[in-house]
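The values are calculated or read from the model by the stated rules, or taken from the named source; none is laboratory data. Note that the coordinates shown come from a computational prediction; the quantities given were computed from them, not determined experimentally. Every residue, glycine among them, receives a Cβ derived from its backbone with ideal geometry; neighbour counts consider all protein chains shown. To get the accessible areas, we keep the full protein, side chains included, count just its heavy atoms, and leave off ligands, DNA and RNA. Shrake-Rupley method; radii C 1.70, N 1.55, O 1.52, S 1.80 Å.
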Amino acid sequence: MKLPYAEPYKIKMVESVYKSTRDERTIWLKEIAKYNLFNLKSKHVFIDLLTDSGTGAMSDKQWAAMMTGDESYAGASSYYKMKEAIKSILGFDYFLPTHQGRAAENVLFSTMIKEGDIVPGNSHFDTTKGHIEFRKAKAVDCTIDEAFDTTCDHPFKGNINIDKLEKVLQENPKEKIPMIIVTVTCNSSGGQPVSIENLKDVKHLAEKYKIPVFFDSARFAENAYFIKKREAAYSELTIKEIVAKMFSFADGMTMSSKKDAIVNMGGFIAMRSEELFKKASVYNIMFEGYITYGGMSGRDMSALAQGLDEGTEFNYLESRIKQVEYLGNKCLEYGIPIQTPIGGHAIFIDAKRFLPQVPKEEYIAQTLACILYIESGIRGVEIGTVLADRDPETRENRYPELELLRLAIPRRVYTKNHIDYIAEALKMVFESRNDIRRGLRITYEAPIMRHFTTEFEQL
Ligand code: F0G
């Protein structure tokens, strides 16, 4: 007999969550949040799937590392613990700590990207794109077409289309392309992985055109897990061996440690070039802090070093990804339209297929997020028209190909009962989907990055 799967950890500390009523949530959503779930107080949320970023549960070893953190301004032992973990797990000689992922982007891009530049990659994350566009440069999406069809079954939907990439490299002068960015896993295409073969091809092409390759590495360990499971040549390697292989195709990386390093705050940039390290250090000191802490306290650097080790352990990753997969399979069983294959950190519900009767001008995925919250107390996040914002020139709404509701699963936080609750709540909403005829109308929006603060009313 095969025993059922179980998590390779047990719970040592718990946090209470309030089980609100449907009536309470209806009022909170309308009166306090104005139909924007970012505006809810966390105490009004029963299961919080807004993000998997900084919301994970640290281990006893990470908490122990916090207690021995060294808060010296310069040369802290916590910094050296982080340096050692980055060298031994990721293979980079140089690194700069930053307070989170977007800060790493800010420092690196200040060093490398200038007005008029072009930065090709696979569906750059919003903050990455934001930092590129803020410098009046352009992010060019070279993701494979399969990524934009939620029903298409491709094992590596985060892959870069090499022809699309080569076209960009051919058509633009080398001086205008400071780097290629590969996001592993690719959050914007649904937590989808990039294969070793593709990383190798990207690096090969980049070498031909003498352009450096950087990985946006927030979920690099989940990417390595998928490689182990889906890319036959690497199935016998350990996660750490696969990680080393992946990063052998990178000249550097930015990291939001709030994901796969399982800490609540932190990030870094790592690189091979001493020259780049020296240039970036200037901006790190200016924006983040001295080069041996860069926006992080010593205790957080110590916990991060420990988290990098735990986050690249097979058993942990298997429990993490199996939990997400379990929820995804339940959705499929109930006929709920989701992005497949199931991604690493979240379930992405295809809102256009869930609510085909709601017009796109009425914010389909945002509507679905609100209904799920009212019915169950679960908070997800819209990845659709609200997030896509208006065209900066025409000020018209941009309607992205995919209108998604993302349910991101925090690491080591929720039990199987919570996941069953989420699945049943989705089923209930799905079964009554035909009652939902209308969506939302915007009553307030900010001129840029509107999705955090937009206010709506129900139609
Ligand atoms: N890159 C990727 C792929 C990300 O998913 C994120 C953050 C960042 C960079 C920026 O890192 O938040 O530490 O500044 N993603 C979060 C999310 C916010 O919910 O997906 P950060």
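Report in % the part of the accessible area of segment 1-124 that belongs to carbon and sulfur, leaving out ligands and nucleic acids; probe 1.4 Å.
That share works out to 56 percent.
Sequence gap at least 6, Cα distance under 8 Å: using those rules, report the relative contact order of segment 305-363 to the nearest whole percent.
Relative contact order for segment 305-363 comes out at 24 percent.
Explain nothing, just the number: dipole magnitude of segment 63-160 about its Cα centre with +1 on each Lys and Arg Cβ and -1 on each Asp and Glu Cβ, in debye rounded to the nearest 20.
360
So if we plug the beta-carbon distance of Arg22 and Phe287 into 1/(1 + (r/R0)^6) with R0 = 56 Å, what FRET efficiency do we get, rounded to 0.05?
0.80
Mind checking which aspartates and glutamates have their C-alpha under 17 Å from Lys114, skipping anything on the same chain fewer than 8 residues away?
By straight Cα distance, Lys114 reaches Glu105, Glu133, Glu175.
Rounded to the nearest Å, what's the spacing between the alpha carbon centres of segment 341-390 and segment 245-279? Just the number, please.
32
Give, in nm to one decimal, the length gained when the segment between Arg272 and Ser77 is fully stretched (0.36 nm per residue of separation minus the Cα-Cα distance). The partial results should precede the final answer.
Details: separation 195, 0.36 × 195 = 70.20 nm, distance 2.19 nm.
68.0 nm is the gain from fully extending Arg272 to Ser77.
Quick check of the Kirkwood formula: for the chain, what is the inverse mean of 1/r over all pairs of different Cα atoms, in Å?
That comes to 22.6 Å for the chain.
Which value, in Å² rounded to 10, gives the accessible area of Arg219 with a 1.4 Å probe and all protein chains present?
It works out to around 10 Å².
How much net charge surrounds Gly158 when only the other residues with a Cβ under 15 Å from the Cβ of Gly158 are counted, with Lys and Arg +1 and Asp and Glu -1?
On the way: positive: Lys157, Lys164, Lys200, Arg219, Lys229, Arg230, Lys259; negative: Asp141, Asp145, Glu146, Asp149, Asp153, Glu197, Asp201, Asp216, Glu222, Glu231, Asp260.
In short, -4.
Let me have the relative contact order for the chain, percent, based on Cα pairs under 8 Å that are six or more residues apart.
23
Using the crude model of +1 on Lys and Arg Cβ and -1 on Asp and Glu Cβ, and no other charge, please compute the dipole size for segment 61-310 relative to its Cα centre, in debye to 20.
Rounded to the nearest 20 debye, it is 320 debye.
In square angstrom, what is the accessible area per residue of segment 116-238 with a 1.4 angstrom probe? Could the numbers behind the result be given before it?
Numbers: 4760 Å² over 123 residues.
Dividing the accessible area of segment 116-238 by its residue count gives 39 Å².
What whole-number distance in Å separates the alpha-carbon centres of segment 281-301 and segment 172-189?
25
Stokes-Einstein at 37 °C, 0.692 mPa s, Kirkwood radius from Cα pairs: D for segment 14-55 in µm² s⁻¹?
296
Across segment 235-240, in residue order, what do the Karplus-derived ³J(HN,Hα) couplings come to in whole Hz, using 6.51 cos²θ - 1.76 cosθ + 1.60 with θ = phi - 60° and x for Gly and Pro?
5, 8, 7, 6, 4, 5
Over all alpha-carbon pairs of segment 365-459, lay out the pair-distance distribution in 10 Å bins, whole %, shortest bin first.
14, 42, 30, 12, 1
If you keep only loop residues by DSSP, which GluC sites (Glu not before Pro) in segment 399-441 have at most 15 other Cβ atoms within 10 Å of their Cβ? Show your work: numbers first, answer last.
Details: sites: Glu401, Glu403, Glu424, Glu431; in loops: Glu401, Glu403.
Taking segment 399-441 and a limit of 15 other Cβ atoms within 10 Å, the loop GluC sites (Glu not before Pro) found are Glu401.
Work out the charge dipole of the chain with +1 on the Cβ of Lys and Arg and -1 on the Cβ of Asp and Glu about the Cα centre, then indicate which of Ala85, Ser189, Ile162 is farthest towards its positive end.
Of the listed residues, the answer is Ala85.
Can you work out ³J(HN,Hα) from phi for every residue in segment 201-206, in order, using Karplus 6.51 cos²θ - 1.76 cosθ + 1.60 and θ = phi - 60°, giving whole Hz and x for Gly and Pro?
3J(HN,Hα) across segment 201-206, in whole Hz: 4, 4, 5, 4, 5, 4.
For the pair Asp93 and Glu236, what calculated FRET efficiency results from E = 1/(1 + (r/R0)^6), where r is the Cβ-Cβ distance and R0 = 35 Å, to the nearest 0.05?
Using R0 = 35 Å, I get an efficiency of 0.80.
Under the Karplus relation 6.51 cos²θ - 1.76 cosθ + 1.60, θ = phi - 60°, what is the ordered set of whole-Hz ³J(HN,Hα) values for segment 2-13, x standing for Gly and Pro?
Once rounded to whole Hz, the list reads 8, 6, x, 6, 9, 4, x, 7, 10, 8, 10, 9.
Compute the convex hull volume of the Cα atoms of segment 61-310, divide it by the residue count, and report the result per residue in Å³ as a whole number.
112
Quick check for me: using +1 on Lys/Arg Cβ and -1 on Asp/Glu Cβ, what's the dipole size of the chain about its Cα centre, in debye to the nearest 20?
With Lys and Arg at +1 and Asp and Glu at -1, about 460 debye.
How charged is the neighbourhood of Gly294? Take every other residue with its Cβ under 13 Å from the Cβ of Gly294, and add Lys/Arg as +1 and Asp/Glu as -1. Could you put the intermediate results ahead of the total?
Values: positive: Lys83; negative: Glu288, Asp300.
Around Gly294, the surrounding residues sum to -1.
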